[in-house]
1. Which shape class applies to the stretch 459-517: rounded if a/c is under 1.5, otherwise prolate when a/b exceeds b/c and oblate if not, where a ≥ b ≥ c are the square roots of the Cα gyration tensor eigenvalues?
2. Would you mind classifying the stretch 363-413 by shape? Square roots of the alpha carbon gyration tensor eigenvalues, ordered a ≥ b ≥ c; an a/c under 1.5 is rounded, otherwise it is prolate if a/b is larger than b/c and oblate if not.
3. Quick one: Karplus J couplings for the stretch 560-568, per residue in order, coefficients 6.51, -1.76, 1.60, θ = phi - 60°, nearest Hz, x for Gly and Pro?
4. Please figure out what share of the DSSP beta bridges in the chain is antiparallel and state it in percent, rounded to the nearest 5.
5. Determine the calculated [θ] at 222 nm for the chain from helices alone, applying -39500 (n - 2.57) to every DSSP H run no shorter than 4 residues and normalising by the residue count; nearest 500 deg cm²/dmol.
6. Compute the helix-to-body angle for 226-236: its Cα long axis versus the longest principal axis of the chain, expressed 0 to 90° and rounded to tens.
7. Cα-Cα over 29 Å: which of Lys551/Lys571; Lys213/Lys242; Lys63/Lys582; Lys42/Lys63; Lys90/Lys466?
8. Under the Karplus relation 6.51 cos²θ - 1.76 cosθ + 1.60, θ = phi - 60°, what is the ordered set of whole-Hz ³J(HN,Hα) values for the stretch 238-254, x standing for Gly and Pro?
Amino acid sequence: MSEMVGESLARRLVEWGIDTIFGLPGDGINGLMEGFRRQREKLRFVLVHHEEAAAFMATGYAKATGRLGVCAATSGPGAIHLLNGLYDAKLDHVPVLALTGMQETSVLGTHYQQEVHLDRLYQDLAAYNLMITNPQQLPGVVDLAIRTALAKRTVAHLTFPNDIQVAEVGEDPYRHVGPGSPPASVPTYSQPPLRPAEEDLVRAAETLRQGEKVAMLVGVGARHAREEVLAVADRLASPIVKTLPGKSVVPDDHPLTTGGLGLLGTRPSEELMEECDTLFMIGTSFPYSTYLPSPGQARIVQIDTAPDLLGMRLPTEAPVAADAKLALQQLLPSLEPASDRSFLEKYQRKMAAWRADMEALEDPSRDPIAPQYVIACLDRSAADDAILTCDSGTIATWAARHWTIRGGREFYLSGNLATMAPGLPYAIGMQHAYPGRQVIAYVGDGGFAMLMADFLTAVRHELPIKVVINNNNAYGQILWEQIVLGFPEYEVRHRPPEADFSTWARGCGAYGVKIKDPKDVPGAIRGALEHNGPALVDCDVNPNEPPMPGKVSYEQAKAFTEAFLRGQPHKAAILATVARDKINRLL
């Protein structure tokens, strides 16, 4: 049997070391699917229920492994469904290759069924974006697409017309009239870590040595540099603040960290930004600049692999374009040990008080169940190398503050796109990558409902993922975002009946339990974690628990009051919850 373009593509993916594709077939990619079938012993195709989930799975796989994630969808609507998950990859800088179908070349431009010109649709999304029009382009353009995705840490897209997919790969249908030839390539890639310039390190070291109140802000770009971050912070006697995507950079219980920053962060981190005279940013271009030092307050040193991100948020006098690990290794010998550690010790005391406050909110006696208690039970029972995936919403606040990074634990969410629904498909993609690790999706009822069909994907592939649903029957984050603007909430709570997602889990043949009583939470979570297979715990939590910022500003308090004066519903329940939170912290 002669090799057709679809098989050439599949073979090339295997030669790149790719072993998994997440996707959903359709008549727009039948030629690609036949190619995947012919390489099925080496290339696994994970059949999903929704193409958006496939893109999230590929993105989650890439986030957790650093390798290329691959997803596939048919022409028209299938490829359109991929977009949200792929934008998540683009905005969080992870490499993903999207493979889609297109109508036969002979009918393009005739308003044919499902004729969506995907190369145009993907123009803003993909750094490498090509419709294949000649079998001779393969496999060279596959190599170019993959190298681009890996080098730029972004999305690449190849779309294949139906007739090209089934053409013989060696077919040469046209007369050659120019001096060019089809791309000749091999499946190799090299990108050594970016080394810092010596003069940049000298300037950075001098700036840091002159600081008296140095703070560090680390992001996901420093995830591979934990030991170096801790060594430099200890040398400078500098507290470490972490962005939410960078939560895994250093352990949450380490004495050098003050935790996160922003609406989901800690009070000590926010106060630290207000007081520091030098800010050392590593592997982050933290977007919420109102939480950063005011311009002129602090001198800025920044390390990032992307030179265009240096100085984006604040005037940066010591930019270093380099890999974080290499730059910190070379910077450390230039730094003298801090003789005065009082600034660090001050924030260590503040952080101890903050941790006590957060622990007080993990109250097992609260009814309705406090969401902080649910994530605390999960935190205590999960393995020390567990991976936690999270959706966007109030659950991100609870995870940021009550999921403890320790040992080999990891944490992932949609950082820059902040989309709902990736928690479940992330977990599926990551469990495929790490079949021996505990992978937990901590999600809200809103996000889970969007892509819940793919829980069945986990069951059918015998993936032992665990899903814990923080069920407040509302879009909780949007609710509080309305209130913080001074507006009463509007159409953010679902009407009765409340969903029982455990019935779906059991209907799929998995472990499923519904929790309404706080005394049942610890046992249900332990049971799910110990279950030898996919498991789901649906926990009804207090919908009136506010994800309060670490430090409430006058403007936020004023807006809160205005929302109440304008007719905020559920006022009594909200005020009772806030009062109980305050009492718990004081006890």
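1. Judged from the Cα gyration tensor, the stretch 459-517 comes out prolate (a/c at least 1.5, a/b above b/c).
2. Taking the square roots of the gyration eigenvalues as a ≥ b ≥ c, the stretch 363-413 is oblate.
3. Going residue by residue, I get 4, 5, 4, 4, 5, 5, 8, x, 4 Hz, with x marking Gly and Pro.
4. 5
5. Value at 222 nm, helices only, nearest 500: -11500 deg cm²/dmol.
6. That works out to roughly 40 degrees.
7. Lys63/Lys582
8. In residue order, the calculated couplings are 10, x, 10, 9, 10, 5, 5, x, x, 4, 7, 4, 10, x, 5, 8, 6 Hz.
The values are calculated or read from the model by the stated rules, or taken from the named source; none is laboratory data. The structure displayed is predicted, hence computed values, not measured ones. Virtual Cβ from ideal backbone geometry, glycine too; neighbours counted across all protein chains shown. Areas reflect the complete protein model, heavy atoms only, side chains present, ligands, DNA and RNA absent. Shrake-Rupley method; radii C 1.70, N 1.55, O 1.52, S 1.80 Å.
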